[in-house]
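The values are calculated or read from the model by the stated rules, or taken from the named source; none is laboratory data. Everything numeric in this text was worked out from a predicted model, so none of it was measured. Cβ atoms come from the backbone with ideal geometry, glycine included; neighbour counts cover every protein chain shown. For accessibility, only protein heavy atoms count, side chains too; no ligands or nucleic acids. Shrake-Rupley method; radii C 1.70, N 1.55, O 1.52, S 1.80 Å.
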Amino acid sequence: MVKKLKIFLAAPRGFCAGVVRAIEVVEKALKKFGPPVYVRHEIVHNKHVVESLKKKGAVFVEELNEIRDTSRPVIFSAHGVPKSVPKEAENKKMFYIDATCPLVTKVHREAERHNKNGYKIILIGHKNHPEVIGTMGQIPKENITLVETIEDTHKLNLEGPVAYVTQTTLSVDDTKDIIKVIEKKFPNLKAPIKEDICYATTNRQSAVKQIAPLCDMFFVIGSDNSSNSKRLVEEARKAGCNNSRLINFEKKFPIQEIIKCKKIGLTSGASAPEKLVQDFIYEIKKYVEVTIEEFVSIKENVTFKLPSSLN
Ligand code: SF4
């Protein structure tokens, strides 16, 4: 008898508007200026995306001083950069294109505004993530404090008016808990006018929460360094599917475990191409009869304009 498996496919999943824009920036720059075009840091946190852009002539570096030919354009990744980076490029007389997601830029401007108005700023986020480095680098370091956990908030010792901003790809629920504690500590705390956790993060987490309780296993397609993908795995576990994992195609495909399941859940992080989701399903279909139920929690229609230098 052929074994049967049901796949609950989350929607929305995969590429967000910021990722689509960042990839398009590199592709358009390659067309307009010809290769090589340098990219500072992985344009988005996905190996497949990076490898395919490398083949087209993009050269990835971590810092500007690794760039040998400074006459070539350099693109800053979707995660954003500290102010020192464009300044360094200007000093080196380099032509740069900023592919920072507009929703990350919104957080940068917010932090700047609070700083100008005399607030001490709390940034809720993950240490060493490029987006956090970029946001902290918008204002003098003595005016911004990183908080990762509720425990960190107990150590806060800030004088004067206090505001907070957050990383865009955090867990919606965990962040709410941290904010509640900060609000108690600083009753006049200034909050962002509009939520900093972005629409794509919120929507992908919400879809996962609804599907995960129905599943024997849950898979999130995404890279190990993708913050929003890692949060999706955590959300699936919290929602009741303990056997939830991040999967990328460098790791062994756990087919023996999958074929023991009746129902699995599947989604992909905001930087993972849809092709990887379809490849995953294709692999499973070699072993079991699959029925797919797509669970659409909300329709997205967000798009962002390209930087004017690419027109
Ligand atoms: S996850 Fe959100 S903030 Fe990050 S690139 Fe996508 S839309 Fe922008």
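Just a few scattered comments:
- Segment 15-89: Cα Rg divided by the 2.2 N^0.38 Å rule of thumb: 1.02
- For segment 197-311, the alpha-carbon coordinates run over 52, 27, 26 Å along the three principal axes, in decreasing order.
- Stokes-Einstein D in µm²/s, Kirkwood radius over Cα pairs - segment 139-238 at 10 °C with 1.306 mPa s viscosity: 105
- DSSP-loop GluC sites (Glu not before Pro) across segment 6-79, with at most 13 other Cβ within 10 angstrom: E62, E63
- Segment 118-221, accessible surface, carbon-and-sulfur percent (1.4 angstrom probe): 53
- Carbon/sulfur fraction of accessible area - segment 58-115, other protein chains in place, 1.4 Å, %: 50
- Taking every protein chain into account, the 1.4 Å probe leaves H48 with about 70 Å² of accessible area, to the nearest ten.
- Counting only protein heavy atoms and a probe of 1.4 Å, the accessible surface of segment 242-306 is 52% carbon and sulfur.
- GNM flexibility winner over the chain from N203, N65, N46 (Cα, springs under 10 Å): N65
- Whole-Å distance, taken between Cα centres, linking segment 150-185 and segment 207-243: 24
- Here the Gaussian network model covers the chain, with springs between Cα atoms less than 10 Å apart; of Y287, Y119, Y38, Y287 fluctuates the most.
- Annotation note: trypsin sites (Lys or Arg not before Pro) in segment 179-218 located in DSSP loop regions with a Cβ neighbour count of at most 14 within 10 Å are K194.
- Choice from G160, G269, G134 with maximal GNM fluctuation in the chain (Cα, 10 Å cutoff): G160
- Segment 170-213: C-alpha pair distances exceeding 17 Å, %: 42
- Span-like helix ranges in the chain, DSSP H, alpha carbon extent 15 angstrom or more, Kyte mean at least -0.5: 17-33, 274-285
- Centre separation in Å (Cα based) which lies between segment 1-73 and segment 247-311: 17
- Average silhouette area of the chain, convex hull of alpha-carbon atoms, in square nanometres: 17.3
- Theoretical ellipticity at 222 nm over the chain - DSSP helices of four or more residues, -39500 (n - 2.57) apiece, nearest 500: -11500 deg cm²/dmol
- Per residue, the accessible area of the chain comes to 49 Å², computed with a 1.4 Å probe over protein heavy atoms only.
- All Cα-Cα distances of segment 36-175, cut into 10 Å bins from zero to the largest, leave 11, 38, 31, 16, 4, 0 percent in each bin in turn.
- Of K120/K141; K116/K230; K262/K285, pairs whose Cα-Cα distance is over 22 Å: K116/K230
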